[in-house]
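J.: Dropping a structure here in structure tokens format, bear with me for questions.
The values are calculated or read from the model by the stated rules, or taken from the named source; none is laboratory data. Remember, it's a predicted structure, so these values are computed and weren't measured experimentally. Neighbour counts are summed over all protein chains in view; Cβ atoms, including those assigned to glycine, are modelled from backbone coordinates with ideal geometry.
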């Protein structure tokens with residue numbers, strides 16, 4: 001029964017406007033080759049900086065400036081901004097869902113009656 005309810009909840013979440021907006025925004029971002037290129041470049045630079053730090057080295061000022069520049073460029077991209085907004089709205093819904101689940105758990109734990117349906 002719990003598995004069925006969880007799958008039903010997942011199906012409903014997948015049909016929500018908030019989830020659909022995240023999916024559309026993500027698809028649009030993936031089609032934006034310029035922004036994807038900037039994100040890949042930023043991730044590569046970030047990984048290089050992380051490797052340096054693991055060796056006890058400090059990333060160069062040039063690397064830090066390039067990361068800041070890339071981040072600034074990415075943040076101004078409409079496809080990226082739309083994804084951030086959509087993800088934030090979806091996260092708000094998921095937070096509410098988690099609160100509702102916790103509320104249900106608390107009520108279920110306090111109830112002396114066991115239901116199987």
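J.: Quick check: is even one residue across segment 49-56 surrounded by 11 or more Cβ atoms within 10 Å (Cβ to Cβ), touching a helix residue (DSSP H, G or I) at 6+ places or on another chain (Cβ under 9 Å) and part of a helix (DSSP H, G or I)?
T.: Yes.
J.: Can you tell which of 104, 37, 117 is in a helix (DSSP H, G or I) and at pLDDT below 95? So that I can check it myself, show each step before the final result.
T.: On the way: 37 fails: at pLDDT below 95; 117 fails: in a helix (DSSP H, G or I).
The unique qualifying residue is 104.
J.: Moving to a separate point now. Which members of segment 85-105 meet the condition of being free of Cβ contacts under 8 Å to residues at least 40 places away in the same chain and surrounded by 14 or more Cβ atoms within 10 Å (Cβ to Cβ)?
T.: none
J.: Is there a residue being in contact with a helix residue (DSSP H, G or I) (Cβ under 9 Å, 6 or more places away or on another chain), part of a loop (DSSP other than H, G, I, E, B) and modelled with pLDDT under 95 anywhere in segment 59-75?
T.: Keep residues of segment 59-75 that are in contact with a helix residue (DSSP H, G or I) (Cβ under 9 Å, 6 or more places away or on another chain), which gives 59-60, 63-64, 66-67, 70-71, 73-75.
Those left that are additionally part of a loop (DSSP other than H, G, I, E, B): 59-60.
Among the residues that remain, those that are also modelled with pLDDT under 95 are: 59-60.
Yes - at least one qualifying residue is present in segment 59-75.
J.: I've got another one for you. Please work out which residue is modelled with the lowest pLDDT, limiting yourself to segment 1-34 and to residues that are farther than 17 Å from residue 87 by Cβ and in a loop (DSSP other than H, G, I, E, B).
T.: 1
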